[in-house]
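K.L.:
After the structure tokens below, expect a handful of questions from me.
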Amino acid sequence: DFGSVPIGFTPARVLTVRNVGDRLARIVDVPQLEPPFSFVGGSYPGTGGTCGVTLAPSRSCDLIVSFAPTSESDFETRLEIEYVASKKLQLVTGINLVGNGGPTVVKQIAGGERSYCAIFSDGRLKCWGNNGAGRLGLGDTMNRGTSPSQLGANLPYVDLGTDRRAVAISVGTNYACAILDDGSLKCWGSNGAGQLGQGDEVARGDGPNEMGNNLPAINLGTGQQIRQVSAGQGMTCALLTSAKIKCWGSNFTGQLGLGDTNDRGDQPGEMGDALPIVDLGTNYQATSIVSTGAGHACAI
């Protein structure tokens with residue numbers, strides 16, 4: 001029994017099969033599972049599972065099964081494995097798998113200057129508060145949260161693109177950035193110093209047709225993916241999966257860490273492979289971006 005699992009979460013359980021007889025057992029029917037139940041990794045016996053084609057007497061092996069509910073419903077299926085110990089001795093072992101999808105819950109919340117965003121367990125995103133320059137990502141500049149009728153089911157989800165979900169969010173002074181489930185990064189709101197990383201100073205999210213598939217992911221270089229993002233006051237830093245850091249946007253006090261005071265990301269040709277990596281010193285790698293403030297950044 002997986003119990004109640006919020007939509008968007010995928011817990012796993014270890015199931016142990018033991019051969020209590022005195023003969024070698026051989027699998028003749030490999031089980032298939034019906035969604036939302038599945039073997040971890042998609043195939044029997046699950047990533048990390050130890051069961052194979054045969055199971056020796058008095059030995060045991062493990063199966064690893066996950067449960068990923070897609071709706072607030074009850075789910076049940078049966079896992080059965082058929083073994084043969086001899087021509088005349090066939091064995092079936094099985095167990096019922098049950099669980100129910102619970103309501104989505106808040107997985108992360110982030111606040112900036114007069115605005116907040118929350119990621120739910122299913123990866124959807126809602127933002128509320130001040131909406132200057134479209135920082136809520138709703139295609140307008142109307143504040144949300146000033147009356148009860150603007151919240152709850154009436155508060156729209158942020159459109160991140162077809163089938164895209166958010167895994168992390170950072171809210172800056174007047175803009176927001178989200179890491180998506182494909183490892184890409186999208187930012188929207190004010191863009192006066194190029195903090196949205198689009199090679200211009202045009203705000204995004206304050207008008208129709210500027211979000212979703214129409215909002216480009218930020219180009220941080222060939223093959224680069226994002227581990228962490230921090231939005232500050234007009235400047236953004238990203239920790240890459242390569243343990244390197246890149247920063248762009250306002251740079252009036254050298255907060256981008258590039259040895260000058262030139263803004264980055266507000267002109268064409270400044271992002272992607274052309275955006276330098278912050279030099280943290282020989283053999284140093286970043287594990288976390290602590291903060292990006294009004295005119296500085298810090299990293300562990």
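K.L.:
Calculate, for the range 1-117, the solvent-accessible area per residue in square angstrom, rolling a 1.4 angstrom probe over the heavy atoms of the protein chains.
P.N.:
Here the residues of the range 1-117 average 59 Å² of exposed surface.
K.L.:
Given charges of +1 on the Cβ of Lys and Arg and -1 on the Cβ of Asp and Glu, with all other atoms neutral, how large is the dipole of the chain about its Cα centre, in debye to the nearest 20?
P.N.:
880 debye
K.L.:
Continuing with this model, one more query. For the charge dipole of the range 159-217, defined by +1 on Lys and Arg C-beta atoms and -1 on Asp and Glu C-beta atoms about the Cα centroid, which residue among THR173, GLY161, GLY192 has the Cα displaced farthest towards the positive pole?
P.N.:
THR173
K.L.:
Just to be sure I understand: if I project the alpha-carbon convex hull of the range 151-227 onto a plane and average over all orientations, what area do I get in nm²? Could the numbers behind the result be given before it?
P.N.:
On the way: hull surface 23.3 nm².
Averaged projected area of the range 151-227's Cα convex hull equals 5.8 nm².
K.L.:
Now a separate question. So what is the relative contact order of the chain, in percent, for Cα pairs below 8 Å that sit 6 or more residues apart?
P.N.:
12 percent
K.L.:
Sticking with this one: Report the paramagnetic label zone for ASP163: residues of the range 217-255 whose backbone N is under 19 Å from a point 7 Å from Cα along the Cα-to-Cβ axis.
P.N.:
217
K.L.:
Round to a whole number: what % of the accessible area of the range 90-159 belongs to carbon and sulfur, probe 1.4 Å?
P.N.:
Answer for the range 90-159: carbon and sulfur cover 54 percent of the accessible area.
K.L.:
If the cut-off is a Cα-Cα distance under 22 Å, which lysines reach LYS186, setting aside same-chain residues fewer than 8 apart in sequence?
P.N.:
Within reach: LYS107, LYS126, LYS244, LYS246.
K.L.:
ILE95 to ALA56: extension gain in nm, 0.36 nm per residue of separation minus the Cα-Cα distance?
P.N.:
Full extension from ILE95 to ALA56 adds 12.0 nm.
K.L.:
Continuing with this model, one more query. For the range 188-300, give the percent of accessible area contributed by carbon and sulfur heavy atoms, probe 1.4 Å, rounded to a whole number.
P.N.:
Carbon plus sulfur share of accessible area: 46 percent.
K.L.:
Are there cysteines in the chain with no second cysteine's Cβ under 4.7 Å away, and if so, which?
P.N.:
Among the cysteines of the chain, those whose Cβ sits 4.7 Å or more from every other are CYS298.
K.L.:
Name the residue, out of ALA25, ALA193, ALA118, whose mean-square fluctuation peaks in a Gaussian network model built on the chain with Cα pairs under 10 Å.
P.N.:
Evaluated over the chain, the most mobile residue of the options is ALA25.
K.L.:
Just reorder LEU215, LEU24 by solvent-accessible area, largest first, 1.4 Å probe, all chains present.
P.N.:
Greatest to least solvent exposure: LEU24, LEU215.
K.L.:
Based on Cβ point charges of +1 for Lys and Arg and -1 for Asp and Glu, what charge dipole magnitude is obtained for the range 9-72 about its Cα centre, in debye rounded to the nearest 20? Numbers along the way, then the final one.
P.N.:
Numbers: 5 positive and 5 negative charges, 61 e Å.
I would put it at about 300 debye.
K.L.:
If you don't mind, another one. Among ASN131, THR54, PHE9, pick out the residue whose Cα is farthest towards the positive end of the charge dipole of the chain, where Lys and Arg carry +1 and Asp and Glu carry -1 on C-beta, about the Cα centre.
P.N.:
Highest projection toward the positive end goes to THR54.
K.L.:
Accessible area per residue, 1.4 Å probe, Å², for the range 209-300: what's the number?
P.N.:
Spelled out: the 1.4 Å probe surface of the range 209-300, per residue, equals 49 Å².
K.L.:
I've got another one for you. Among GLY205, GLY94, SER43, which residue has its Cα positioned farthest towards the positive end of the charge dipole of the chain, with +1 placed on the Cβ of Lys and Arg, -1 on the Cβ of Asp and Glu, and the dipole taken about the Cα centre?
P.N.:
GLY94
K.L.:
Here's another thing I want to ask about it. About the Cα centre, and with charges only on the beta carbon of Lys, Arg (+1) and Asp, Glu (-1), how big is the dipole of the range 117-204? Nearest 20 debye, please.
P.N.:
With only Lys, Arg, Asp and Glu charged at Cβ, the dipole is about 220 debye.
K.L.:
Using the eigenvalues of the Cα gyration tensor, what equivalent ellipsoid semi-axes result for the chain when each is taken as the square root of five times the eigenvalue, whole Å, largest first?
P.N.:
48, 24, 14
The values are calculated or read from the model by the stated rules, or taken from the named source; none is laboratory data. Worth saying up front: this structure is predicted, and the values here are computed from it rather than measured. Cβ: placed from backbone, ideal geometry, glycine included. Neighbour counts: every protein chain shown. Just so you know, the surface numbers come from the protein's heavy atoms only, side chains and all, with ligands and any DNA or RNA stripped out. Shrake-Rupley method; radii C 1.70, N 1.55, O 1.52, S 1.80 Å.
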